[in-house]
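**Q** The structure is given below, and queries will be raised subsequently.
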Amino acid sequence: MDYPTKYLVGSIFGALILQAQEPAPSPTAGRLPLRPHFDDSGMPQGAQQQQNVPELLPKSDALPGTGAGAFDPIPIPNASATPTPTPISPEEQKRNETRFAEIRSSAMRGARPIFLLEQSRSALTDEGRKNFLRAYYYSVCAEMRRMEPGLKPMINTFEQEQIHSLAKGRSPLVTVAHRSKPGPRKKR
């Protein structure tokens with residue numbers, strides 16, 4: 001048997017199988033017309049019918065937050081609402097600074113910060129270097145907060161200072177790394 005004959009026989013069998021799979025119409029259900037026929041003769045010519053429009057939204061004065069207690073996206077700081085920091089004795093301040101230096105040096109020796117610092121030093125662009133250093137400071141400060149939750153305000157201040165200095169320009173870590181590289185050799 002050649003290809004056209006096989007194709008013809010296969011097509012016939014496929015059509016018979018598809019026809020056998022169609023459900024038989026039930027005797028109670030009538031056939032639906034392909035296109036519905038609309039009879040416009042019942043509509044009056046030129047007369048407008050009154051339509052009932054559903055009220056989807058309440059009136060503007062019924063919306064919540066339109067009065068004096070409306071939501072303000074930019075809150076105005078209230079002097080009475082801000083908590084005043086408790087004064088710390090000079091001895092306590094010195095102990096906090098000592099503890100801060102200890103946990104900072106410990107957090108900087110972690111595996112993740114060391115990896116990020118190495119990545120920042122080997123970054124190809126200044127932007128990549130800044131991104132790695134930003135991640136470095138975030139991970140160091142997160143570890144410091146985990147180690148000493150009582151120093152959270154001091155850690156937050158340190159983190160903000162470091163991130164802002166990165167945004168302004170070169171990091172001291174990068175500058176020191178560039179300075180420590182040997183300069184060009186002088187010709188003899």
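The values are calculated or read from the model by the stated rules, or taken from the named source; none is laboratory data. What you see is a predicted model, and the numbers here were worked out from it, not measured in a lab. Here Cβ is always computed from backbone atoms with ideal geometry, including for glycine, and neighbour counts include all displayed protein chains.
**Q** Can you list residue pairs whose Cβ atoms sit under 7 Å apart, with the first residue in the stretch 127-150 being closer than 11 Å to LEU116 by Cα and the second being surrounded by 17 or more Cβ atoms within 10 Å (Cβ to Cβ) and among the hydroxyl-bearing types (Ser, Thr, Tyr)? Count only pairs 6 or more apart in sequence or on different chains.
**A** ARG129/SER120; PHE132/SER120; LEU133/SER120; LEU133/SER171; TYR136/SER120
**Q** Further, regarding this structure: Across the stretch 96-126, which residue is surrounded by the fewest Cβ atoms within 10 Å (Cβ to Cβ) among those that are in contact with an Asp or Glu (Cβ under 9 Å, 6 or more places away or on another chain) and under 24 Å from LYS168 (Cα atoms)?
**A** MET108
**Q** Please give the helices (runs of 4 or more DSSP H) falling wholly within the stretch 96-185 in which 2 or more residues are over 30 Å from THR86 (Cβ atoms), among the charged types (D, E, K, R) and modelled with pLDDT of 90 or more.
**A** 111-121, 126-147
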